[in-house]
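The values are calculated or read from the model by the stated rules, or taken from the named source; none is laboratory data. This is a predicted model, so every value here is computed, not measured. With ideal geometry, Cβ positions are generated from the backbone for all residues, glycine too; neighbour counts draw on all protein chains shown. SASA here: full protein model, heavy atoms, side chains in, ligands and nucleic acids out. Shrake-Rupley method; radii C 1.70, N 1.55, O 1.52, S 1.80 Å.
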Amino acid sequence: MIEIILRNLAYTFYPVNICAMNERSKYMNTFEFKNLIGNINSAFADIENDGLSLQILNTFKSHEILKNIEEATLESSDRCITYKISFFEEEVLFQFYINMSILIPYYYVYVLKNTFESKPYRWITSPQRDRQVEIEKFSLHIEMTRNILDAFNYNRFPDELVTKVIPDINYADVEMGKFTYFNAFFLDDVRL
């Protein structure tokens with residue numbers, strides 16, 4: 001049921017069967033795209049005026065395991081507020097991310113992991129989601145995040161929809177047929 005609701009909601013923000021990459025002018029003149037941009041701009045203005053992002057950030061920081069969290073939102077293209085903490089273990093970087101949608105009252109938490117060389121500093125692997133690390137190293141972080149965001153009336157986005165494709169819509173540089181529910185409500189530049 002939630003999938004049908006979210007798909008129909010996505011259709012109010014993204015034009016059906018018009019490719020953002022190949023039909024840019026047509027795409028940008030649609031009601032759906034204008035609705036999306038209007039909602040993004042309005043939501044970020046409301047968040048700024050209400051101080052919601054800062055309030056949530058301070059709530060996260062008041063807990064020992066989340067005290068080093070920082071906001072990492074890119075307002076120009078995101079459909080979410082992003083918070084993250086970076087952890088280093090030898091030559092492995094773990095990035096704990098919290099994405100809170102500004103279009104729907106949902107959030108999603110995940111950990112990206114990559115290896116690097118410290119001298120000279122360079123990445124050896126690209127950041128990839130690591131579900132095992134989420135369970136083994138970050139379960140307390142995830143539980144604390146859930147408890148905090150429940151108090152702000154945010155729900156966890158369904159895992160089964162994160163990588164599920166909505167085949168007839170897209171945005172930015174995500175190809176038609178590869179645009180997921182996560183892309184629709186959070187970010188287009190992250191592949192989970």
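Miscellaneous remarks
- The local environment of residue 184, defined by Cβ-Cβ distances under 11 Å, has a net charge of +2 under the rule Lys, Arg +1 and Asp, Glu -1.
- Protein heavy-atom accessible surface, 1.4 Å probe, per residue over the chain: 53 Å².
- If you look at the Cα atoms of the chain, you get an Rg and a Dmax of 17.4, 51 Å.
- Placing unit charges on the Cβ atoms of the charged side chains and taking the dipole of the chain about its Cα centre, the candidate lying farthest along the positive direction among 115, 92, 27 is 27.
- At full extension, residue 91 and residue 131 could sit 12.5 nm farther apart than now, given 0.36 nm per residue minus the alpha carbon distance.
- Which of 36, 62, 49, positive extreme of dipole for the stretch 1-95 (C-beta unit charges): 36
- In the stretch 28-114, the trypsin sites (Lys or Arg not before Pro) that fall in loop regions by DSSP, at most 11 other Cβ within 10 Å: 67
- A straight Cα-to-Cα reach below 29 Å connects residue 178 with the lysines 26, 34, 84, 113, 164, residues fewer than 8 places away in its own chain not being considered.
- Within the accessible area of the chain, the carbon and sulfur atoms contribute 51%, probe 1.4 Å, all protein chains present.
- Calculated diffusion of the stretch 120-192, Stokes-Einstein form, Kirkwood radius summed over Cα pairs, 20 °C and 1.002 mPa s, µm²/s: 147 µm²/s
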